[in-house]
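Only one structure is covered here, and it is reproduced in the block below.
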Amino acid sequence: MLHEQGTGLRVGAGMQQLGRLPPPLPVVALRANVDSIKATVAALEDELNDSEDREQLTSRLVIIGRDMTRYADELELEHSEGDVRLDLARLNVVADTERGPIPLSRIGSAANGIGYHLATHLALHRYLVRQNRPVPRLLILDQPTQAHYPSQVSLQSGIPENDSDSRAVHRLFHLLYDVAEELAPNFQIIVCDHANLPEPWFQSRVEHDCHNGQALIPVDWLR
C-alpha cells in the first residue's frame, strides 16, 4: 500500500523505498557509446578472422622465401633457378620449378641438402633479427662442408682436392661471412669445420685452427 509522507513516496511495510531514475543520456553520448561498441566488436572479429591470419603468415613466408631463393642461388644449388620456399603444412623446403614443386627429399646430393638447410636457417634468422623477435641471435654449424671433403688428405689440409668442391666451399663461407656482417652485432655464427681458406676475410675470423695444433679442447687434456 502506498502513502505520502512529506515530499517523498514510500511503500507499505516490507517493501523497498523507490529511488529516482537517473536523467536520460543525451543523444550524442548514446551515439558515441554505440560507435565505441561497434569498434570493439570489429576489432574482436578481426582477431578471429582466419583469412587475415593466413594472409599475414603468407606475407611473411614470401619475404623469407625471397632470401631463401637468393641464398640458394648464391650457393649455386640445384633447382635454385626458380623460387624456394617453406612449406609449413609439410614442414619442408620446396623449390618451385617449371616442372612443378620439388621437395627437399628429391632435390639431390648431400651438398644440395646441406645448402638448402643453410639457406633456410639464414633466411629465418635474418627475418627474425630484422623484426627484433625474441629468438636467440646465434647459429652453430658443425661441418657444413663435409660433402666437399671426401678424403683424409683434404681433411688434413683444409683445402678441397678439386676445383668444383673448392669453389663450393668458398661460396658457402662467403655467404656466412656476408650474412654475419650484415646483421652484426645482432647475430653470431659459429662454425666448426675443416675448411682453411687462405683469403684474408676468412683468416681474420678464425678463432681456433686445428691444422696448427690449436683446438677447442686442449691436447693436454687428452693426454
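Brief remarks on what is shown
- Complete set of residues in the stretch 79-98 that are in contact with a helix residue (DSSP H, G or I) (Cβ under 8 Å, 6 or more places away or on another chain) and of a type in the set (S, T, N, Q): SER80, ASN92
- Whichever residue in the stretch 1-59 is of a type in the set (S, T, N, Q) and modelled with pLDDT of 70 or more and, among such residues, is farthest from ARG85 (Cα to Cα): ASN33
- Whichever residue in the stretch 108-141 is of a type outside the set (D, E, K, R) and touching an Asp or Glu at 6+ places or on another chain (Cβ under 6 Å) and, among such residues, is surrounded by the most Cβ atoms within 10 Å (Cβ to Cβ): ALA123
- For the stretch 54-90, a residue qualifies if it is part of a loop (DSSP other than H, G, I, E, B) and either in contact (Cβ under 8 Å) with a residue 40 or more places away in the chain or more than 15 Å from the chain's Cα centre (by Cα) (or both), and the qualifying residues are LEU75, GLU76, LEU77, GLU78, HIS79, SER80, GLU81, GLY82, ALA89, ARG90.
- Tallying residues that are among the hydrophobic types (A, V, I, L, M, F, W, C), under 18 Å from the mean Cα position of the chain (by Cα) and in a strand (DSSP E or B) within the stretch 91-122 yields 2.
- Residue within the stretch 142-164 that is surrounded by fewer than 17 Cβ atoms within 10 Å (Cβ to Cβ) and modelled with pLDDT of 90 or more present: yes
The values are calculated or read from the model by the stated rules, or taken from the named source; none is laboratory data. Remember, it's a predicted structure, so these values are computed and weren't measured experimentally. So basically every Cβ, Gly included, is an ideal-geometry build from the backbone, and we count neighbours across all protein chains shown.
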